[in-house]
1. Out of C:Ser177, C:Ser141, C:Ser161, which single residue is polar (S, T, N, Q) and closer than 17 Å to C:Val107 by Cβ?
2. For A:Ser325, work out the one condition from (1) within 14 Å of another protein chain (Cβ to nearest Cβ); (2) surrounded by 23 or more Cβ atoms within 10 Å (Cβ to Cβ) it doesn't fulfil.
3. Taking the condition of being within 14 Å of chain A (Cβ to nearest Cβ) and without any contact (Cβ under 8 Å) to a residue 60 or more places away in the chain, how many residues in region B:264-311 meet it?
4. Have a look at C:Val131, C:Val123 and point out the one that is within 14 Å of chain B (Cβ to nearest Cβ), at pLDDT below 95 and crowded, with 24+ Cβ neighbours inside 10 Å.
5. Out of (1) farther than 30 Å from B:Phe64 by Cα; (2) in contact (Cβ under 8 Å) with a residue 24 or more places away in the chain; (3) among the small types (Gly, Ala, Ser), the odd one out for B:Ser184 is which?
6. Kindly list, by first and then second residue, each pair from a residue in region A:341-356 that is surrounded by 14 or more Cβ atoms within 10 Å (Cβ to Cβ) to a residue that is polar (S, T, N, Q) and modelled with pLDDT under 90, limited to pairs with Cβ atoms under 6 Å and residues at least 6 apart or on different chains.
7. Within region A:69-99, which residues are more than 14 Å from A:Leu248 (Cβ to Cβ) and small (Gly, Ala, Ser)?
8. Looking only at region B:308-324, filter to residues that are within 17 Å of B:Ile269 (Cβ to Cβ) and small (Gly, Ala, Ser); which one of those is surrounded by the fewest Cβ atoms within 10 Å (Cβ to Cβ)?
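The values are calculated or read from the model by the stated rules, or taken from the named source; none is laboratory data. What you see is a predicted model; the values in this text were computed from it and never measured. Neighbour counts run over all protein chains shown; Cβ positions are idealised from the backbone, glycine included.
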Amino acid sequence: MYEQHGAVVAPDEPVDELTELGPASGGNPDAVAEPVAYAAAGITKSFAGAVALRDVSVTFLPGEIHTLVGENGAGKSTLLRVMAGIHQADAGSLTLGGEPLTHLTPRAAQQRGIYLVPQEPTLMPHLSVVENLFVGILPKGRLPFSIDWRRMRETAGGYFAQLGLKLDPRQKAETLSIAQQQQLECARALVHNCNVIFFDEPTSPLTAHEAQLLFALMRRLRERQFTLGFISHRLDEVLELSDRITVLRDARVAARFDGAEATRDRLVNEMVGHEVKLQRRTARSGGEGGVALAVSGLTRAREFESISFAVAKGEVLGLAGLVGSGRTEIAETIFGLRRADHGTAELEGRKLLMPSPRSCIDRGLIYLSEDRGRNGIFAEVQLAENVTASIVPHLPRRRGLLRPASERALAQEAMDRTRVRTLNQAALIKSLSGGNQQKAMFARWLVTNPKVAIFDEPTRGVDVGAKADIYTLIGGLAESGVAVVVISSELEELTWICDRALAIYEGRVVGELAGEQITVARLGRLIVGER
Amino acid sequence: MATAPSDMHLARSPSPPVDAKAVARLVRQSLARREVQLVVVTLLVFAITTAHDSGFATTGNISFLIADTMAVAIVAIGETIVVLTRGIDLSVAPILGTAALATGFLAQNHGLTPLELLPLALVIGAVMGAGNGVLVAFAGIPPIIATLGTLAVYSGVQGIIANGQEVVTLPPSYFNLGNDDWFSAIPYVGVIGLAVALGFALILWRTRFGRNVYAVGNNAEAARRAGIDVKRVLVIAYVLSGTLAGLGGLVFLAHVGSADSTTGTDSNIQLTAIAATLIGGSTLTGGKGGTIGSYLAAIFLSVALAALVDFRINPIWEPAGVGVLILVAMLADTTTGRPTLRSILTALLERPGGRP
Amino acid sequence: MTAAAGLSRARHLSRDQWWMTALAVLLVAELAYFSVGVQGFWGGGTGMLDQSEYFLDIGVMALGVGFVIFAGDIDLSCGAMASFVGIVMAELWKHGIEIWIAALIAVAIAALIGLIQGLIVTVFRLESLLVTLASQFILGSLATAIGGGYPPYGFPHSFTSIAGTGGIGPVPIQIVSFAVLGWISFLLVHRTAFGRSLVLLGHNRDAARYAGVNVPWTRVRAFILSALFAGLAGVLIAGTYNSVRDDLGDALLLPAITIVVLGGVDIFGGRGHVAGVVFATFVLGFLYQGLLIANVSQLTANMVGGIVLVIALTLKISIEQRQGGAAFAERLRLRFARSGPS
């Protein structure tokens, strides 16, 4: 990872402990920020017909770490984005330190001291580290139009020291690792002299150690009366760090907790809601049907190593792991989107040589991507054509030409099976809710009559009702003899639907659990590298 | 780790390299830069051609080669700014032509000097460029389409201004500007071009506007969220492109000595300018590249094409030469995704049914 | 049917259908204006048919470029290709090959060049703008080199009687060939697996790959088709004018792309309909012809075409922005976040 030119650091050196905070943020010797409360009241926001927030009110107080939790699609990111001026709310108000904020733009928000550290680092790949730090607020030099590069480098050095970062200020941002990019985003918050800082799932790509450094920083900011907002999926982190917790569910506030009184079970209950009664699959047909997919010694440099496992017909195998542990890469390699360096995969006993997505699909192996927006749906295309996208060479034809009516019937049948709720098949798929879109994706893969199905984060961005449908679907598939692999970051989900589960940590299989042994606690320990 | 982190790894001013390995690394890093590559290749071509024909290396010839390409170079510098924002400007040809024509008429009929007409040329370019900027930034039209439209519109404007007339005679000050040189080696226009290249390189490297241009080209959405006024940056970029095309028009007029209703578009100067921009190291996806590279690339093209002529290759092959050079420059740049035979076969021979 | 019911029916029209209706209205208005206001345009109805001879060859080229644009690429070399094919055909004929065989060979060569372009774009991961820009230069030089300063002209009757002045009854050959090729294009894009793959990958190349679409091969086929159609256009042009030229490149390229974009095809790929290209051919073609007959200069006619393009797109984009809202901004964001080819 560090072989690029310009890098100064050897990867094996341990990251130093944090030094004392040096000059305070923005190069300003005044160490303590003006404490200010930031409140959102009655916020409602929709995107193209899908409601993301419904009458949500949350207040962030200074000197606190206030965490938002909730399932995927519950509205957490959207709320922070509205409060940072990236989206405009349809209704509701924002109040900063008692003053109402209207027509907030990202720039105005930053000037008021509000900063959002985004989920995906938004860096300028070809620009240097120091430039990325100061983009938009380059300090003026003495000559008109010029830039004070020296002051930039000194200030940057100060922040890096505070965060324990070892970055060459001149290094191009594209050469940084994901963790380093994330750290750079955090440094930007300080540079912008902001005292309200929101973190949108910052720890997803970080190792445990890097995350601890981040938490130490957050705690110090809290001591200095910064107003901090935090989103995370990892409930252990949430419980460790939070002063107050707000649970969002289905675009509303479901519950509010004090940090001290929250427990894992209570949080999960509120996140999932009591209406859904999910039962552990009782049918255990694992191994009866014979092996459908066998992976042996699969290796890809810097991504995963010596991956070996087998999935039997009718079995549901879970792959648990942190974000960045390599599960998606493994799946994409099996599916032919990436080339393995070593190792093989066999489908029903026959080796998959030089696989491609097309050849895999035609032989009965399918993969549902975790990034539905980018790799799944064709947003501006009608539902029916989205559903038939994987079987284009096999669409019904007469004398070489497609038959739209037959195709629509095919798509409708699949959508009925997956319970896609929509009034109009000719609607563009982007107008559907996240849950319905995902079910349409399931319809797409069902149409191919798969023998092995790999689902990557199948319930991401899906409301609770649709989740239940999807679990039913997965169970039904397994019962009809399909070998199913489910990749998920939600450990609870894996305990509900899997017969067996593998834990992947930093590119290796580190553990296997079966049946009753699959618990959140055990999985949780395995995926962070513990025994 | 006993030492404090602050003085360990923050490379602010590295001590001067004294060992061979560091020098070698420095050389390797320099050669990775497109500007250096261009200078090296230009000199190489020059040397080879001179070996073949010693008359090639006269100072007069060098001066001419540089002067001849300066209009393109200046336009290419403007094009570079736009390309850096991940855009493109196809309308520079008629902008150059209109500026050349308007100033040419005034010079021909009223004897005004280049210096007196310079503001006019710049203003014509700026106004037309502003038109592009508004279409791209405010109407939201993709740059390739917007400038395709303005290419037609501005060509029409040029035709209307020409009104059937041509510029055929100019006061001698123009010829002097466009064709004379210092010490028979350094053309005036060459210096103008260099000044423009350096000036804009400075702006792009060292001013906030310049850094914002790179930011917008790298990731416009992120730039917006970081508080940069993306629309303003885009408009200014297109204004600059137009203004430089206007300046290029004046330089063209001085060097060539004539102008008519199709000046600029008849030689497809926008394509040559784009070629120079690309060969100079800027990428169409934005955020990467520079004006000095474009300037050097324009000179390189001039030298390379003249070398072709010198080797008795029919000048009709010049456009083909440019085309091949574009491809070569782009291939040299693709450091990732180098295709292997296996990947080629897989990509093409794939058939539905699972057989690779 | 009440007005409200009619309106609600209208709202169910797709975006493509809205746009084509607008184009049709524009076409009718334009034809009416020219027929009444400009001498010599109407010509008893057949006048218009004859006028179309002059722009339908560009229409054929637009259909060809359309394939590539549906895929999210672009082909800047189509004009130069048409010139090139004309010249090759003429030279082969001059060297004794029967004219129609010469035409066939020339078009086949064009398809081969299209294949090569497509391979360079997909295998070496270069932007199609660059590759086709380069090939435009190269083809221009080749055309000049092969044809020399004085390309052959005066083709035999067997050629001009079909490719130039031929037709079916009063309908000129240009209309016939445009209609046939338009129909074929429609079938290819909207009724074949190839076309479906093409449109899908134009919408979202990554998602197409994940769905098993053979992205490289589909893109290559689009380039082959574009070159093929450009070659056919070149043959048509040779027939219509009974001569060939080596420098038609840009005169043809810009109107062709204008037609495609005016026709509602998204320059980024995916969206649009072949029928839109057909409509836009007539809209723009008659616009130019009407202006030319009214004694407006070529440059001014082009200028009007540019203005129409800009206004049409501004309207289209502002309407879409109003409808799409955040989703539209999100789409633009994804577009600009995509870092380069494949």
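1. The unique qualifying residue is C:Ser177.
2. A:Ser325 satisfies every listed condition except (1).
3. Within region B:264-311, residues that are within 14 Å of chain A (Cβ to nearest Cβ) and without any contact (Cβ under 8 Å) to a residue 60 or more places away in the chain number 0.
4. C:Val131
5. For B:Ser184, the exception is condition (1).
6. A:Met354/B:Thr346
7. Within region A:69-99, A:Ala84, A:Gly85, A:Ala89, A:Ala91, A:Gly92, A:Ser93, A:Gly97, A:Gly98 qualify.
8. Among those that are within 17 Å of B:Ile269 (Cβ to Cβ) and small (Gly, Ala, Ser), it is B:Gly321.
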